[in-house]
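These notes are about the structure you will find just below.
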Amino acid sequence: MTSLSKKPAIEKKQTKYIFVVGGVMSGVGKGITTSSISMLLQARGLRVTALKIDPYINVDAGTMNPTEHGEVFVLSDGDETDQDMGNYERFLNTNLTSTNYMTTGRVYRTVIENERNLKYQGKCVQVVPHIPLEVIRRIKKAAKDADADVVTIEVGGTVGEYENILFLEAIRMLKLRHPQDVITVMVSYLPVPGKIGEMKTKPTQHAVRTLNGTGIHPDFIIARSDRPLDKRRKEKLALFCNVSEERLISAPDVESIYEVPLNFEKDHLSDLLLERLSLMPRTPSRLAPWKKFTTQVRNADQEVHIAVVGKYFDTGDFVLSDAYISVLEAIKYSAYTLGSKPVIHWLSAQDFTNGVPKGALDMYDGILVPGGFGESGIEGKINVVEFARTHAVPYFGICYGMQLMVIEYARHKLKLAGAHTVEVDAKTPYSVIDIMPEQKKLMAAGNYGGTMRLGTYPAELTKGTTARSLYGVAEVEERHRHRYEVNPEYIESLTNAGLVFSGRSPDRTLMEIAELPKEVHPFFLGTQFHPEFTARPLRPHPLFTGFVRAAIERGTK
C-alpha cells in the first residue's frame with residue numbers, strides 16, 4: 001500500500017528534439033531553417049541549442065578546401081566546423097561548442113576507440129545499433145550541457161543518400177524511445193520549370209516516400225521555392241505526403257535570409273511547433289529586435305562599395321561567396337547599423353600580381369583582405385595592401401590579411417627587399433612572419449588536422465589606438481585560426497617605422513592587432529584573429545563597424 005504522506009516524485013523535464021532533413025536537392029536552406037526555428041522558439045522563452053551533423057568521413061572541416069565546402073567556422077573552444085554553425089550562433093546570439101557538432105568521422109572514431117578500450121564489454125560492435133546510439137548519445141550530451149528545453153538538429157545531405165542513412169536511423173531510434181518528444185521537419189525544394197511555368201510537387205512527394213522508407217514520417221514540410229506555396233499545391237502535398245495543410249510552411253526566396261523566420265511566423269510556425277511538442281511558451285514572441293534589424297536591412301539606401309580581395313572564389317564557372325560568408329555577414333551587420341547598403345565586389349588577387357593597374361581600385365570605398373593559406377595570389381594581395389596604404393583607402397586585413405600588411409610595410413617602409421612569410425618563402429632573408437615553435441613540431445610530424453592556434457585567446461589593447469577606441473575596453477577575447485605570427489625579432493624596427501601593434505597577447509609576445517595612427521591613415525588595421533566569427537546581426541563587431549564607417553566617409557567625399 002502506498003503511503004498517503006509520501007511526496008510525489010518531481011517530474012523530470014523532458015527535452016524535445018527537432019530534426020531538420022533535406023529533400024530533393026542540397027543547398028535549399030536546411031541551415032537557415034534550423035537557425036530560424038531555433039531563434040523563433042528562443043523568442044518564446046525556451047532554452048534552445050542547435051547541432052549540425054555532417055555526413056562526411058572528415059573528423060572536422062579544417063582540412064577541406066573552402067572552394068569545395070565553403071567557410072571553415074571556428075567555435076570558441078577551437079573546433080573547426082561547417083559554416084552552418086556560424087548561422088546557428090548568429091541567429092541564437094550565443095556561443096556554441098564542439099559538443100554541438102559531429103561528423104561521420106567523429107562518430108566512427110569514438111565507437112572504434114570505445115571498442116578498443118573494451119567499453120562494449122566484449123559484444124560484437126555493429127554499424128547498427130552502435131553508430132546511431134553514439135549519435136544519440138552526442139545529441140543528448142549537447143542537450144544536457146546547454147540545459148536545453150529544445151534541441152534542433154540539422155542532418156547534412158539529402159534524404160536518399162547513403163551517407164546520412166545512419167543519422168536517419170538515429171532519428172528513428174530516438175523517436176521510438178521518446179515518441180512525443182521527437183519531430184522531423186523536411187526542407188524540400190519545389191521547382192518551377194521555366195518552360196512549364198507550374199510549381200511541381202512530385203519531387204517532394206518522392207522525397208517524403210524515401211524518408212518514409214527509413215521509418216520516419218515528416219511532421220512538417222518547409223516548401224522551398226522561388227515563390228510562395230499556393231493553396232492548390234498545399235492540397236496536393238497534404239494528400240500525397242500525409243502532412244496536414246497547416247504544417248506545410250511556405251518558404252519563398254527572400255532578399256535577406258534574416259526575413260526567413262518572420263516569413264515562417266506568417267504561417268504560425270512557432271505556435272504549431274509548440275503545439276506538436278506539447279510545450280507551453282514562457283513569453284509572447286519577442287521578435288521586436290529582430291524586426292528592427294530587418295527593417296534596417298530593407299531601409300538601407302546609401303551604398304558603400306567594399307572590395308574583398310581573395311583567392312577562394314572560383315568553382316568552375318561560378319563564384320563561391322560561401323568561402324568568406326562570416327566576413328560578408330559581418331560587413332552587412334555593420335553597414336546596416338550605419339544605415340548603408342553594402343555592395344560587395346569580388347576581386348581575384350591574381351589580377352594584381354604585376355601591380356595595381358591605374359584606376360582599378362579607385363571606385364571602392366574600402367578594401368578587405370580576408371584569411372587564407374598558401375602562396376597563390378600573395379603578391380597581388382601585397383600590391384593591393386600597398387595601394388590602400390599609399391592612397392588612404394580604408395583597409396581591413398584579417399589573419400593572413402594582417403600578415404601581408406606587415407610584410408608590405410617591411411618591404412616598403414623598412415626597405416627590406418624580399419621580406420616575406422616563411423609559409424611561402426622558407427629561405428626569405430627577412431622572415432617578418434614566422435611559424436610558432438610548437439607548430440614547427442606538429443608540421444614536422446605531419447600533424448595538420450586541428451593543430452593550429454585555434455579558438456578564443458585574450459588580447460590587451462593599447463590606449464590611444466583605433467582598436468582600443470572602437471572596442472571601448474582594455475582587453476578582449478577573439479577567435480583564432482592560424483599557424484604563423486609576426487616575428488618578434490622585427491617588432492621594434494616595425495614600430496620605430498610607424499606601425500602600431502595596438503593589440504598584444506597578455507605576455508606581450510604575440511601581435512594580435514596592427515594599425516596606422518588616424519593622423520597617418522583614415523583606417524589601416526589588421527587582426528591576427530578572426531573578428532567575423534563573433535559578429536552578430538543584433539551585435540555588430542566594433543572593428544567591422546569602424547572599417548565600414550571609414551569606407552562610408554570616403555564614399556561621401
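Computed from the coordinates by the stated procedures, all read-outs in this text should not be read as laboratory data. A quick note: this is a predicted structure, and the numbers were derived from the prediction, not measured. Don't worry about glycine lacking a Cβ; one is built from the backbone with ideal geometry, like all the others, and counts go over all protein chains shown.
For this structure, a couple of remarks:
- Computed [θ] at 222 nm, helices only, for the chain once each DSSP H run of length n ≥ 4 contributes -39500 (n - 2.57): -10500 deg cm²/dmol
- Surrounding net charge for residue 139, when Lys and Arg each add one and Asp and Glu each subtract one, Cβ distance under 15 Å: +3
- Between the stretch 260-294 and the stretch 191-220, the C-alpha centres lie 26 angstrom from each other.
- Förster-model FRET efficiency, 25 Å R0, residue 163 and residue 424, C-beta, rounded to 0.05: 0.10
- In the stretch 300-555, Cα pairs under 8 Å separated by at least six residues give a relative contact order of 23 percent.
- Residue among 121, 428, 24 farthest towards the positive dipole end of the chain, charges placed on Cβ: 121
- Sequence-ordered 3J(HN,Hα) estimates for the stretch 48-56 from the Karplus curve with 6.51, -1.76 and 1.60 and θ = phi - 60° stand at 10, 10, 10, 10, 10, 10, 9, x, 7 Hz, glycine and proline given as x.
- Vicinal HN-Hα couplings computed from phi for the stretch 416-432 (Karplus, 6.51 cos²θ - 1.76 cosθ + 1.60; Hz; Gly/Pro x): 9, 4, x, 4, 7, 9, 5, 4, 9, 10, 5, 10, 4, x, 10, 7, 5
- Rounded to 5, the percent of DSSP beta bridges in the chain classed as antiparallel: 30 percent
- Under the Karplus curve 6.51 cos²θ - 1.76 cosθ + 1.60, θ = phi - 60°, whole-Hz ³J(HN,Hα) for the stretch 456-467, x wherever Gly or Pro sits: 7, 9, x, 9, 9, 9, 7, 4, x, 9, 4, 4
- Put simply, the amide H of residue 76, placed in the peptide plane, has neighbours under 5 Å in 96, leaving out anything fewer than 5 places away on its chain.
- With neighbours defined as other Cβ atoms within 10 Å of a residue's Cβ, the residues 128, 155 order from fewest to most as 128, 155.
- Among the trypsin sites (Lys or Arg not before Pro) within the stretch 188-273, those in coil by DSSP and having at most 11 neighbouring Cβ atoms inside 10 Å are 195.
- Between the stretch 95-148 and the stretch 461-528, the alpha-carbon centres lie 42 Å apart.
- Selected from 547, 179, 486, residue furthest toward positive end of dipole (the chain; charges at beta carbon): 179
- For residue 56, residues with placed amide H under 5 Å, excluding near neighbours: 104
- For GluC sites (Glu not before Pro), the sites in the stretch 332-408 that DSSP calls loop and that have at most 16 other Cβ atoms within 10 Å are 375.
- Charged side chains reduced to their Cβ positions (Lys and Arg at +1, Asp and Glu at -1) give the chain a dipole of some 1840 debye around its Cα centre.
- Summed side-chain charge close to residue 287 - residues other than residue 287 whose Cβ falls under 11 Å, Lys, Arg +1, Asp, Glu -1: +3
- Approximate shape of the chain as ellipsoid semi-axes (Cα gyration tensor, √5λ), whole Å, largest first: 44, 28, 23
- The chain, relative contact order [Cα under 8 Å, separation at least 6], %: 15 percent
- Under 5 Å between amide hydrogens, built in the peptide plane, is the criterion, and for residue 482 it picks out 453 among residues at least 5 positions away or on other chains.
- Greater than 21 Å apart at Cα, pairs in 381/518; 341/557; 332/381; 119/140: 381/518; 332/381
- Radius of gyration (Cα atoms) of the stretch 388-430, expressed as a multiple of 2.2 N^0.38 Å: 1.21.
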